[in-house]
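Visitor: Let me give you the structure first, and then I'll get to my questions.
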Amino acid sequence: GRSDSRGGGGTGSGPSTSGRRSAADVFGGAGRGSGRGRGRGPQGRGGGSSAAPAAASDSDDDDEAEDWGPGQGPRGPDLPPMNPTYRYGDPSLPVGRYRRQILWLVENHAVTIIVGETGSGKTTQVPQFLLEAGWAESGYAIACTQPRRVAASTVAARVAEEMGVSLGVEVGYAVRFDNAISERTRIKYLTDGVLLREMMDDPLLTQYSVIMVDEAHERSLATDMLLGLLKKVLKRRPDLRLIISSATLEAGKLRDFFDTSTSGSTARRRAALAAAAAAAGAGVGGVACSEPDRTPAVVTVEGRTHPVQVHYLQQPAADYVTAAVSAAVDIHCEDLPGDILIFLTGQDEVQTAVAQLEEHSRRLGGGGGGGPGRPSYSLRMMPLPLYAGLPGAAQSAVFRPAPRGVRKVVAATNIAETSLTLEGVVYVVDCCFVKQRAYNPLTGLESLLVAPLSQASAAQRAGRAGRVRAGHCFRLCREQDFAQLPKVTVPEMQRSNLVGMVLQLKSLGIDNVMRFEWLAPPPAEAMVRALEELHALRVLDDDARLTKDVGLALAALPLDPSLGAALLASRQLGCVEELLTVVALMSVPHVWAPAAGSLRAADEAKAKFAAVEGDGVTMLNVHQAWRSSGRSSAWAGRHFLNASSLYRADEARDQLLGLLRRHGLLPANTPPPSCGTDMEPVCRALAAGQFMAAAVYEGTQYNPLAAESDPGVHVYRLVRYTAHKTAPLKLRIHNSSVLWRSAPPCVVYRSVQQADSGWYEMQGVTAVRPEWLVELAPHMFHRPK
Ligand code: CDP
Ligand code: MG
């Protein structure tokens with residue numbers, strides 16, 4: 001057997017809060033402090049049944065990263081037979097065959113990269129393997145990060161079910177403003193953003209023994225940032241293990257990024273530790289060295305995938321939603337078994353498609369008999385939506401297998417690409433577009449935009465058709481156009497506003513953000529732009545250090561910097577009570593429920609709460625009415641509001657209030673100051689946070705061909721300077737805003753979205769007075785003449 005002690009020179013402290021270091025201590029200056037090897041490791045593993053040969057791990061300094069196919073695991077003389085029975089999990093999944101290899105690699109390597117097809121069981125099974133192997137003993141937990149909120153909660157629910165435990169106890173999830181975790185949680189699914197937040201309190205993430213960064217191929221902003229930070233943490237915590245899982249072969253890049261084995265000092269340290277262990281007579285088959293192999297290991301999980309035949313259009317489609325619907329209907333009318341999965345870009349498109357499909361379904365009948373004079377199909381079509389904000393019940397309908405005689409036709413956003421697996425899909429219809437963030441550092445505008453899909457993503461989407469048997473993928477573009485699509489998706493880091501990220505790095509003590517080790521560095525202009533914006537918000541001082549009053553406070557709030565700044569400003573303006581509500585509602589997505597088919601009714605419902613001051617104050621009205629209704633879901637439903645988002649906003653509100661008090665930003669024992677019925681302070685506070693997003697009314701453009709009653713387009717111009725000289729920016733108010741038709745002379749907005757027509761459409765709009773901007777940010781604006 002082998003000893004469980006791995007604490008060569010470690011301090012042996014548990015995951016308590018004592019001895020935590022401040023972020024600046026950990027990430028700030030170079031080379032302070034040494035590693036904290038601790039006396040722990042996989043312990044109590046069912047009588048040592050799966051111990052791997054420690055000798056092998058100690059003598060492979062020069063090994064290349066392993067890349068094993070099935071059945072070629074590490075073989076050692078004393079490798080015990082594999083335990084064929086699982087306590088937890090689903091042994092039929094492809095990843096099950098790699099269980100022992102994965103466990104061995106994780107034990108012996110600081111970083112293990114798992115590559116495997118979507119649906120092979122990486123997300124649901126690997127944390128269970130680790131738990132069973134003892135990685136969550138002595139108070140440690142296993143973290144698994146997800147780039148998407150929905151994935152974190154659905155996967156946690158699934159794993160809890162597989163383990164036969166209730167969600168939120170042993171297995172839990174944590175996403176911003178919503179979690180189900182307890183002291184006893186051993187497997188925690190969380191968004192990468194939440195783990196980054198946890199780093200602020202505990203930079204070495206001492207409560208975790210293993211961190212699995214899942215869906216790394218998505219290269220979300222938070223994932224990239226997390227990987228850079230974890231690389232630093234690993235240097236300080238030889239006991240920590242990192243697993244990176246990816247659906248595609250990003251492995252090469254990841255492996256190079258984490259390969260620190262070549263650095264002379266590490267190699268020397270390893271050699272010294274190995275020699276010391278040998279001298280103690282425990283080198284071979286005995287004590288595992290506390291210093292793991294720094295060469296990342298790579299495991300490729302061979303999934304069971306079936307061939308997928310790809311089809312293209314002969315002629316480009318004019319409208320991909322309609323084209324997708326008719327493709328699905330054509331497939332359905334072939335009357336062969338198998339579900340259909342349609343990829344669209346957003347919730348509204350998904351809803352349109354589902355409404356159209358429902359119409360076709362009624363017309364076509366099926367599942368027994370069409371009406372008189374209609375063709376009869378053996379299957380009835382069941383259209384279902386799938387997107388991030390979908391209420392829980394509707395979500396589980398998507399995952400339930402179709403009843404007999406029914407074909408599921410799921411219209412989904414990008415979340416079905418890799419995060420969630422649908423069983424039974426044989427046909428994929430892909431619009432070949434995706435909604436993604438885009439950022440132009442010249443204009444400083446970050447917007448959501450429907451962009452052409454990358455070929456790598458298209459391949460992923462096609463793969464969804466090959467899970468049960470050979471499938472078909474229908475791409476709604478011509479083959480020659482497909483060849484023009486970008487090969488891979490640009491990492492989010494390179495197309496985002498970096499203000500939030502720079503603020504977080506600064507608060508973790510990383511002063512020189514330009515020199516941070518990135519998997520792929522963000523564009524320098526975007527970085528400079530972020531520093532400028534933070535300076536304008538007075539978050540950074542002239543030496544680019546976090547300011548005591550604003551900077552440190554803002555970093556403590558899990559909010560967009562502009563909303564955080566508005567909340568902080570509300571303290572002087574005496575409207576904290578109101579701003580807590582406004583920023584909470586502006587931070588949770590999907591407050592307004594999808595109004596399938598009844599846009600008018602939804603607009604009328606919204607009009608009941610509309611405030612002339614804009615969308616922020618409208619949110620206050622919504623919240624007020626929601627409270628008076630006794631927080632009734634039925635009431636919310638009637639008013640086209642999403643009850644679960646409203647509950648989340650309440651949660652967010654409480655959490656923010658708690659944070660303000662905990663950080664001494666608000667007195668503990670008095671209620672937060674309120675401005676009563678006067679809404680001016682609320683608008684001022686919003687302006688104080690969002691002055692970088694201020695726009696003034698320029699005039700109204702009339703379409704000469706439109707009817708005389710056509711209200712025209714109210715055109716706005718950004719107030720702050722932009723370096724964008726070539727194309728004038730076209731800003732207007734999005735029709736989801738209550739200020740859509742009125743044209744206030746000056747507004748601030750929460751976000752912009754770029755429409756097909758090229759307009760940047762402002763959302764979350766508040767009317768403000770231009771002179772406030774001058775008062776609030778004299779360094780930014782000149783007094784209007
Ligand atoms: O992470 P990876 O894509 O490799 O696979 P996974 O998410 O662990 O999924 C493994 C299996 O569990 C698949 O067959 C999924 O369909 C199933 N699963 C499920 O039925 N319900 C969930 N909420 C999550 C996974
Ligand atoms: Mg997964």
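Visitor: Only one residue in Ser457, Ser496 is surrounded by fewer than 23 Cβ atoms within 10 Å (Cβ to Cβ) and under 19 Å from Val434 (Cβ atoms), so which one is that? Outline the logic, then answer.
Guide: Numbers: Ser457 fails: surrounded by fewer than 23 Cβ atoms within 10 Å (Cβ to Cβ).
Exactly one residue qualifies, and that residue is Ser496.
Visitor: Then there is this: Given the residues Ala652, Ala687, which is the only one that is surrounded by 21 or more Cβ atoms within 10 Å (Cβ to Cβ), within 30 Å of Lys730 (Cα to Cα) and out of contact with any Cys (no Cβ under 8 Å at 6 or more places or on another chain)?
Guide: Ala687
Visitor: Now a separate question. Within 14 Å of ligand 1 (Cβ to nearest atom) and either of a type outside the set (Ser, Thr, Tyr) or not in a loop (DSSP other than H, G, I, E, B) (or both) - does that describe any residue in segment 136-143? Spell out how you get there, then give the answer.
Guide: Here is the first cut: in segment 136-143, the ones within 14 Å of ligand 1 (Cβ to nearest atom) are none.
No.
Visitor: Taking the stated definitions as given, is Glu532 without any contact (Cβ under 8 Å) to a residue 24 or more places away in the chain and either surrounded by 15 or more Cβ atoms within 10 Å (Cβ to Cβ) or on the phi < 0 side of the Ramachandran plot (or both)?
Guide: On the way: without any contact (Cβ under 8 Å) to a residue 24 or more places away in the chain: yes; either surrounded by 15 or more Cβ atoms within 10 Å (Cβ to Cβ) or on the phi < 0 side of the Ramachandran plot (or both): yes.
Yes: the conditions hold for Glu532.
Visitor: Considering only residues that are more than 10 Å from ligand 2 (Cβ to nearest atom) and of a type in the set (Val, Ile, Thr), look in segment 138-155 and name the one that is farthest from Lys188 (Cα to Cα).
Guide: So the first thing to find is which residues in segment 138-155 are more than 10 Å from ligand 2 (Cβ to nearest atom), and the list is 138-143, 145, 147-150, 152-154.
If we keep only those that are of a type in the set (Val, Ile, Thr) as well, we get 142, 145, 150, 154.
On the way: Ile142: 6, Thr145: 8, Val150: 14, Thr154: 12 Å.
Within segment 138-155, the match that is farthest from Lys188 (Cα to Cα) is Val150.
Visitor: Output the residue which, of all residues in segment 144-163 that are more than 10 Å from ligand 1 (Cβ to nearest atom) and either assigned to a loop (DSSP other than H, G, I, E, B) or hydroxyl-bearing (Ser, Thr, Tyr) (or both), is modelled with the lowest pLDDT.
Guide: Arg148
Visitor: Hey, could you check segment 207-228 for residues that are surrounded by fewer than 24 Cβ atoms within 10 Å (Cβ to Cβ) and in a loop (DSSP other than H, G, I, E, B) and say which is farthest from ligand 2 (Cβ to nearest atom)?
Guide: Gln207
Visitor: Scanning for something under 20 Å from the mean Cα position of the chain (by Cα), among the hydroxyl-bearing types (Ser, Thr, Tyr) and in a loop (DSSP other than H, G, I, E, B), does segment 494-517 turn up at least one residue?
Guide: Restricting attention to segment 494-517, the residues satisfying the condition of being under 20 Å from the mean Cα position of the chain (by Cα) are 494-505.
Narrowing further to those that are among the hydroxyl-bearing types (Ser, Thr, Tyr): 496.
Checking which are in a loop (DSSP other than H, G, I, E, B) leaves us with 496.
The answer is yes; a qualifying residue exists.
Visitor: Something else about it: Hey, could you check segment 159-175 for residues that are in contact with a helix residue (DSSP H, G or I) (Cβ under 6 Å, 6 or more places away or on another chain) and in contact (Cβ under 8 Å) with a residue 24 or more places away in the chain and say which is surrounded by the most Cβ atoms within 10 Å (Cβ to Cβ)?
Guide: Among those residues, the one meeting the criterion is Val159.
Visitor: Which one is farthest from Gln347 (Cα to Cα) among residues in segment 390-432 that are assigned to a loop (DSSP other than H, G, I, E, B) and within 16 Å of ligand 2 (Cβ to nearest atom)? Break it down stepwise before answering.
Guide: Taking segment 390-432 and keeping what is assigned to a loop (DSSP other than H, G, I, E, B), we get 390-391, 400-405, 413, 417-424, 431-432.
From the residues that got through so far, the ones that are within 16 Å of ligand 2 (Cβ to nearest atom) too are 417-423.
Numbers: Glu417: 15, Thr418: 18, Ser419: 17, Leu420: 16, Thr421: 18, Leu422: 18, Glu423: 22 Å.
Applying the filter and picking the extreme gives Glu423.
Visitor: Now for a separate question. Could you please tell me which pairs satisfy a Cβ distance under 7 Å, a separation of 6+ or placement on different chains, a first residue in segment 105-133 that is closer than 20 Å to Tyr173 by Cβ and modelled with pLDDT under 95, and a second residue that is assigned to a loop (DSSP other than H, G, I, E, B) and among the aliphatic types (A, V, I, L, M)?
Guide: Correct list of pairs: Thr118/Ala247; Gly121/Leu93.
Visitor: A further question follows. Which members of segment 103-137 meet the condition of being on the phi > 0 side of the Ramachandran plot and away from ligand 2 (no atom under 16 Å from the Cβ)?
Guide: Gly134
Visitor: Hey, can you tell me all the residues within segment 386-425 that are near ligand 1 (Cβ under 10 Å from one of its atoms) and among the small types (Gly, Ala, Ser)?
Guide: Result: Ser396, Ser419, Gly424.
Visitor: Looking at the structure I just gave you, is Lys188 buried (at least 24 other Cβ atoms within 10 Å of the Cβ) and touching a Ser or Thr at 6+ places or on another chain (Cβ under 6 Å)? Working first, answer last.
Guide: Numbers: buried (at least 24 other Cβ atoms within 10 Å of the Cβ): yes; touching a Ser or Thr at 6+ places or on another chain (Cβ under 6 Å): no.
Criteria not met by Lys188.
The values are calculated or read from the model by the stated rules, or taken from the named source; none is laboratory data. As the structure is a computational prediction, the values presented were derived from the model and not from experiment. Glycine gets a Cβ as well: all are built from the backbone with ideal geometry, and neighbour counts include every protein chain shown.
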